[in-house]
1. Mind checking whether some residue in segment 338-351 is touching a Ser or Thr at 6+ places or on another chain (Cβ under 6 Å), surrounded by fewer than 17 Cβ atoms within 10 Å (Cβ to Cβ) and among the small types (Gly, Ala, Ser)?
2. Pairs under 9 Å by beta carbon, first residue within 23 Å of Phe296 (Cβ to Cβ) and hydroxyl-bearing (Ser, Thr, Tyr) in segment 383-400, partner open to solvent by 10 Å² or more (accessible area, probe 1.4 Å) and assigned to a strand (DSSP E or B), six or more apart or different chains?
3. Select from segment 171-185 the residues that are in a loop (DSSP other than H, G, I, E, B) and closer than 22 Å to Leu416 by Cα and list them in ascending order.
4. Output the residues belonging to segment 196-212 that are farther than 14 Å from Ala273 by Cβ and among the β-branched types (Val, Ile, Thr).
5. Which of the residues that make up segment 166-212 are out of contact with any helix residue (DSSP H, G or I) (no Cβ under 8 Å at 6 or more places or on another chain) and open to solvent by 80 Å² or more (accessible area, probe 1.4 Å)?
6. Under 6 Å by Cβ, and 6 or more places apart or on different chains, what pairs join a residue from segment 324-335 that is on the phi > 0 side of the Ramachandran plot with one that is hydrophobic (A, V, I, L, M, F, W, C) and open to solvent by 30 Å² or more (accessible area, probe 1.4 Å)?
7. Which one of the conditions (1) open to solvent by less than 30 Å² (accessible area, probe 1.4 Å); (2) assigned to a helix (DSSP H, G or I); (3) hydrophobic (A, V, I, L, M, F, W, C) does Trp439 fail to meet, given that it meets all the rest?
Amino acid sequence: MVKAFDNLEIWWVTGAQLLYGGETVKIVDGHSKEMVEGLNNSGIIPIKVVYKGTANSSKEVEAVMQAANNDAKCAGIITWMHTFSPAKMWIKGLQQLQKPLLHFHTQYNAEIPWDTMDMDFMNLNQSAHGDIEFGHICSRMRVPRKVVVGYWKSEEAQKKIAVWARAAAGVADAHNVRCLMFGMNMNNVAVTDGDRVEFEQRLGYHVDYYPVSSLMEYFKKVTDAEADALVEEYKKLYTIKIDESGEKVYWEKVKNAAKAEIALRRVLKDENATAFTTNFDDLGGADIDDPNFLGFDQIPGLASQRLMAEGYGFGAEGDWKTACLYRTLWVMNQGLAKGCSFLEDYTLNFAADCTSSLQSHMLEVCPLIASDKPKLEVHFLGIGIRKQQTARLVFTSKTGFGIKATIVDLGNRFRLITSEVECIEPKPMPKLPVASALWVPQPSFEVGAGAWILAGGTHHSAFSYDLTAEYWEDFAEMTGIEYVNIDKNTTISGFKTQLQNNEMYYMLKNALK
């Protein structure tokens, strides 16, 4: 199996002790190696699991935790207690651990060997005892972790580990994300704003303003030959559809869109950035009719669509939180099949048979969620500083269930909100040539949309068909932020109670700091 995260590792540490003698530790070591090899050969865990030996004393635990903190490849640690491992020896190491932790409550043997079991066997195979001891000290120390219970060869248990591993990869990547804001967030919009310093402290994302004038210096250096070559790539990937713009304007706008993509890609690479935002009121240059005009002649929507598909985080109108979150979603989504995108709640459909919400944007929806081969079209866009014919990919999304996610700044904390939705087949929209998705929030439009609003959700979201609430719950626990999910079991009264309880919890938590 080709691993989706070749630059990362998950470390496996087995808890034991020397009470039972060195020969017992050798058996523990052999069992652990076999179990790690089994996980790696399962084809389910997307990150290589590396066995780091047994921990038999406080010094050994502390040493492996320190090593994990200092190793950039280590995305997280799996612990398992083969024998009884006195948990006081884990205190100093757990105090220092800065990587995500998964506690695997499992056992080497699947069943008790009833006819042959003796005291030696029982003393050796004491996961029932050791894991509970380890769990107690983690709870006593308030150590955030995921607990997976199940036999190590079980596909169900392996899938839960895989979810955690993907979330750990997202956290590891978040600490290396640099998001460039080409222009700032839209004036007077509250939900896309927030505390960027606190955002970096809590989640690791670094967000910088980047002058559009500096981006234009890259833009003016893009050659016609480079743009023409990229246009040829477009022709191979997309269905060419020339409508009211006419052939001359169509190819002119597509070529200029290609130049914008090349410029954006080069800036992101040179600045070591993996996420960005744009603002349709800040595209460089003042007057497009000025003979010395230097700026984008259209919103760089096509570039944003294509860069998202490659894993660059994106947020429209300066939405840096969604740009960063989309990058994390894309990382966690690697190797999964159905795709992900930035989306915006656009307009509602109060239909008698099925109320739904149309998700779209002016242009920037990722083609990874397209149901068919996207069409490359050019149409007039009458919004923003450039009211011009504008290139974009047009498609409708796949149908099926998925989950949308957003992060909001509540002043005293960040809240990660997710909502499970069902994408359904839309009716034709011949006069709205944009990429779109039509979905119904669970458990119903009225409850799902109402709960999203009560939680303070945004009009932008990072959407995936492949991820589930479990991924986001793990991510939130690893980063120490609040998490709420809206699903088929949500009720408005129950959700209000959850939000009220969370408010009390975080007020008390902040007061005790």
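The values are calculated or read from the model by the stated rules, or taken from the named source; none is laboratory data. Computed from a prediction, not measured in an experiment: that's the story for all the values here. As a convention, Cβ positions derive from the backbone with ideal geometry for all residues, glycine included, and neighbour counts pool all protein chains shown. The area values use the complete protein model at the heavy-atom level, side chains included, leaving out ligands, DNA and RNA. Shrake-Rupley method; radii C 1.70, N 1.55, O 1.52, S 1.80 Å.
1. The answer is no, given that none of the residues of segment 338-351 is touching a Ser or Thr at 6+ places or on another chain (Cβ under 6 Å), surrounded by fewer than 17 Cβ atoms within 10 Å (Cβ to Cβ) and among the small types (Gly, Ala, Ser).
2. Qualifying pairs under 9 Å: Thr390/His379; Thr390/Phe380; Thr390/Leu381.
3. If the condition is that a residue be in a loop (DSSP other than H, G, I, E, B) and closer than 22 Å to Leu416 by Cα, then His175, Asn176, Val177, Asn185 are the ones that fit.
4. Val197, Val212
5. The first filter runs over segment 166-212 and keeps only residues out of contact with any helix residue (DSSP H, G or I) (no Cβ under 8 Å at 6 or more places or on another chain), leaving 172, 175-176, 178, 187-188, 190-191, 193, 195, 197-198, 200-201, 208-209, 211-212.
Of everything in segment 166-212, those that are out of contact with any helix residue (DSSP H, G or I) (no Cβ under 8 Å at 6 or more places or on another chain) and open to solvent by 80 Å² or more (accessible area, probe 1.4 Å) turn out to be His175, Asn176, Asn187, Asn188, Ala190, Val197, Gln201, Tyr209.
6. Gly335/Ala4
7. Failed condition: (2).
To keep it simple, each residue is scored yes or no on (1) part of a loop (DSSP other than H, G, I, E, B); (2) surrounded by 21 or more Cβ atoms within 10 Å (Cβ to Cβ); (3) at pLDDT 95 or above.
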residue: Ala63; (1), (2), (3): no, no, yes
residue: Ala67; (1), (2), (3): no, no, yes
residue: Gly76; (1), (2), (3): no, yes, yes
residue: Thr79; (1), (2), (3): no, yes, yes
residue: Ser85; (1), (2), (3): yes, yes, no
residue: Gln95; (1), (2), (3): no, no, yes
residue: Leu102; (1), (2), (3): no, yes, yes
